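Visitor: Below is one structure. I have some questions about it.
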Amino acid sequence: MNLRVALRAPEADRANALHAGAWWLWALGLAVAASRTTNPLLLGLLVGVAGYVVAARRTDAPWARSYGAFVKLGLFVVALRVVFSLILGSPIPGTHQLFTLPEVPLPDWAQGVRIGGRVTAEQLVFAVYDGAKLATLLICVGAANALANPARLLKSLPGALYEAGVAVVVAMTFAPNMVADVARLRTARRLRGRPTGGVRAVLQIGLPVLEGALERSIAVAASMDARGYGRTARVPASVRRTTNVLTLGGLLGVCAGSYGLLAAEGAGYGLPLLGAGLLAAMAGLRLGGRRTVRTRYRPDRWGARAWLVAGSGVAVAVLMIWANAYAPEELHPGVVPLEAPELPLWPAVSVLVGLVPAFVAPVPPAKEKT
């Protein structure tokens, strides 16, 4: 009984709030897993896992309402990929011809490109698989955007990345706030008996949305100026040069090491070079933080629950990468010949590990009451 009480997720408050970086590591782990498969059943399972965790642990903040917008964006990406396949064709051969579109004649210098022509079931299925993978990546990012507090994530950035982090956070919160404004204005028009669809309604809703975005931008700029944003401390020239060398060299090492890990002939030097690049980049960021004069009020702690949340996402990514070694055919179902995809058992169990945050992350107050 004591163990059950200890494992039960507490109600979220300022003291035990989950670190925002843990949510992003969890979501990126799911995204890496999605990039390793084109099986629509596994991709749908990943979307289901992300959606369940979002439904169980998101708050009522404006950014938490953006998950639905990312789902709609993912569906649009799938539809757009299918349309491109219909119009521009596909290199995938197929024998199940569905219909034929009028083909536009092109000049000789455009050989290899066609517009229109025969459309096969194989090329459409391949387009759906390819679009579903990209849509799942977007939905995983949307899950992180809906669960992680951007302001708390900004507090955890190194001092050298603070100014760039502010710009990224403002850009990340623009879409959720815009979605919230559109929903609020559509509700107001519906209550007044005015239409919410059509070109005229879109124009009448768009102007207040842009006006609200401009007012928020002015308010953010004023608050940033009041907090001394952009002011730096004086550091010796030698420290600045060392910082630049370490940061640039570390980033080059990370790029070269990542290429080595992806290339078959670079597996021997890829991991050591990646580690050395990360260490150099972290040292450069540490030195660069001396130029930023700021303090942290109540910094977020990386506790045991944050480790569990981040570790579950990393585990899903590692297990899915490993699954490519023992079950590549099941993770990448073929379209020639056309066959129905099957749900592989162990990769599916690996994806279910991503449900851990739904049980260990602190429960938002509204969720706790229900």
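Visitor: If we count every other residue with Cβ under 14 angstrom of Val78's Cβ, Lys/Arg +1 and Asp/Glu -1, where does the sum land?
Guide: Result for the neighbourhood of Val78: +2.
Visitor: For the pair Trp307/Ala79, report the inter-label distance in nm, with labels modelled 7 Å from Cα in the Cβ direction.
Guide: 4.6
Visitor: Take Leu203 and Asn244, extend 7 Å from each Cα along the Cα→Cβ direction, and tell me the distance between the two endpoints in nm.
Guide: 5.2
Visitor: Leaving out ligands and nucleic acids, note down the accessible area per residue over the stretch 47-117 with a 1.4 angstrom probe, in whole Å².
Guide: Each residue of the stretch 47-117 exposes 63 Å² on average to a 1.4 Å probe.
Visitor: Taking the highest mean first, how do the peptides 116-129, 179-192 order by number of other beta carbon atoms within 10 angstrom per residue?
Guide: 116-129, 179-192
Visitor: Would you mind checking which residues have amide H under 5 Å from Arg118's amide H? H placed 1.01 Å from N; only 5 or more apart, or other chain.
Guide: Leu101
Visitor: Using 1/(1 + (r/R0)^6) with R0 = 22 angstrom and r between the beta carbons of Phe99 and Val336, what's the FRET efficiency to the nearest 0.05?
Guide: That pair, Phe99 with Val336, gives E of 0.70.
The values are calculated or read from the model by the stated rules, or taken from the named source; none is laboratory data. Quick caveat: nothing in here was measured; it's all calculated off a predicted structure. Because the Cβ atoms are built from the backbone with ideal geometry, glycine has one as well, and the counts that use them run over all protein chains shown. Note: areas computed on protein heavy atoms with side chains; ligands, DNA, RNA excluded. Shrake-Rupley method; radii C 1.70, N 1.55, O 1.52, S 1.80 Å.
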